[in-house]
Structures are given as structure tokens and as C-alpha cells.
Amino acid sequence: MNSKLIVVLSVFAVLTLLAGNTHRYLSASSDPCQQDISHLNHVNELPMFHCIGHTEFAVAPGKSGLLRVAKWDHIHPWMTLDWHLEQGFNKEHALELISHQ
């Protein structure tokens, strides 16, 4: 009975690790979390389960392009003013987005 419990717990642990790290082993084309502008080039820095139920940003109604980003769902450490400018945000919009956090 003890060995069955160990096997069940081991399987559960492996499944938990797989579920929590989908962003690390799925291809970018099949994982929307990796396609998120705020995760590009930083996928391996994301914690476990980060991508489950993740939303990128709140939408600014009637806006398009980068102006469609009204507020980030959350700010990652790499999402500095320089990062925003490199992505194409203008300085005023970037400062506004950063100030919401």
C-alpha cells in the first residue's frame, strides 16, 4: 500500500510540474502566454503557473495598436521605461502604464 501511495504522489508531482511550466516546454506558436508582448524573451523568468488564467492588459476602447493597452494586468521587473520605449510605446503612454502599478 505504501508503494502505491508513493507512485500516486510521484505522478501527481510530475503532473503539477508539467502543468505549472507549460510556458517552458510548449512551442511559442501553441502557447499564447509566450506570444504576450510582456513575456517575449523572458519566458524562462516566469514563475510556475504564471500563464494560467493570464491576461495581458486592459483594453482602451476605441484605440488601436499600442494605444490599445490601457493598463497592464501586472508589471514584470523587466518592463521598465526603456523596455516600453523599445517596444514602441511613446514616453507619455509608457509612464502612464508604469504609474498604474
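Search the stretch 21-38 for residues that are closer than 21 Å to L66 by Cβ and open to solvent by less than 70 Å² (accessible area, probe 1.4 Å) and pair each with any residue that is in a helix (DSSP H, G or I) and among the polar types (S, T, N, Q) when their beta-carbon atoms are under 8 Å apart and the residues are at least 6 apart or on different chains.
Short answer, once both residue conditions are applied: A28/Q34; A28/Q35; C33/T22; I37/Q87.
Those residues that are touching a residue at least 12 places away in the same chain (Cβ under 8 Å) and within 17 Å of F89 (Cα to Cα), I need them from the stretch 39-64; list them, please.
H39, E56, F57, A58
Among all residue pairs at least 6 apart or on different chains, which show Cβ distances below 7 Å where the first residue, located in the stretch 76-100, is without any contact (Cβ under 8 Å) to a residue 12 or more places away in the chain and the second is open to solvent by less than 50 Å² (accessible area, probe 1.4 Å) and assigned to a helix (DSSP H, G or I)?
L85/A94
Give the number of residues within the stretch 47-101 that are part of a loop (DSSP other than H, G, I, E, B), under 12 Å from the mean Cα position of the chain (by Cα) and over 27 Å from L18 (Cβ atoms).
Looking only at that region, the number is 2.
Considering each residue of the stretch 1-35, count those that are more than 15 Å from the chain's Cα centre (by Cα) and of a type outside the set (G, A, S), and give that number.
Summing the residues that are more than 15 Å from the chain's Cα centre (by Cα) and of a type outside the set (G, A, S) in the stretch 1-35 gives 15.
Hey, does the stretch 66-74 have a residue that's at pLDDT 90 or above and at positive phi?
No; the residues of the stretch 66-74 include none that is at pLDDT 90 or above and at positive phi.
Which of the residues spanning the stretch 6-20 are of a type outside the set (G, A, S), within 23 Å of C51 (Cα to Cα) and open to solvent by less than 100 Å² (accessible area, probe 1.4 Å)?
Scanning the stretch 6-20 gives V11, V14, T16, L17, L18.
Residue-by-condition table, conditions (1) within 21 Å of V43 (Cβ to Cβ); (2) in contact with a Ser or Thr (Cβ under 8 Å, 6 or more places away or on another chain); (3) open to solvent by less than 60 Å² (accessible area, probe 1.4 Å):
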{"site": "P61", "(1), (2), (3)": "no, no, no"}
{"site": "A70", "(1), (2), (3)": "no, no, yes"}
{"site": "H76", "(1), (2), (3)": "yes, yes, yes"}
{"site": "M79", "(1), (2), (3)": "yes, yes, yes"}
{"site": "H84", "(1), (2), (3)": "yes, no, yes"}
{"site": "E92", "(1), (2), (3)": "no, no, no"}
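The values are calculated or read from the model by the stated rules, or taken from the named source; none is laboratory data. The structure displayed is predicted, hence computed values, not measured ones. Heads up, the Cβs are rebuilt from the backbone with ideal geometry, glycines too, and the neighbour counts pull from every protein chain shown. Surface accessibility is based on the protein's heavy atoms, side chains included, excluding ligands, DNA and RNA. Shrake-Rupley method; radii C 1.70, N 1.55, O 1.52, S 1.80 Å.
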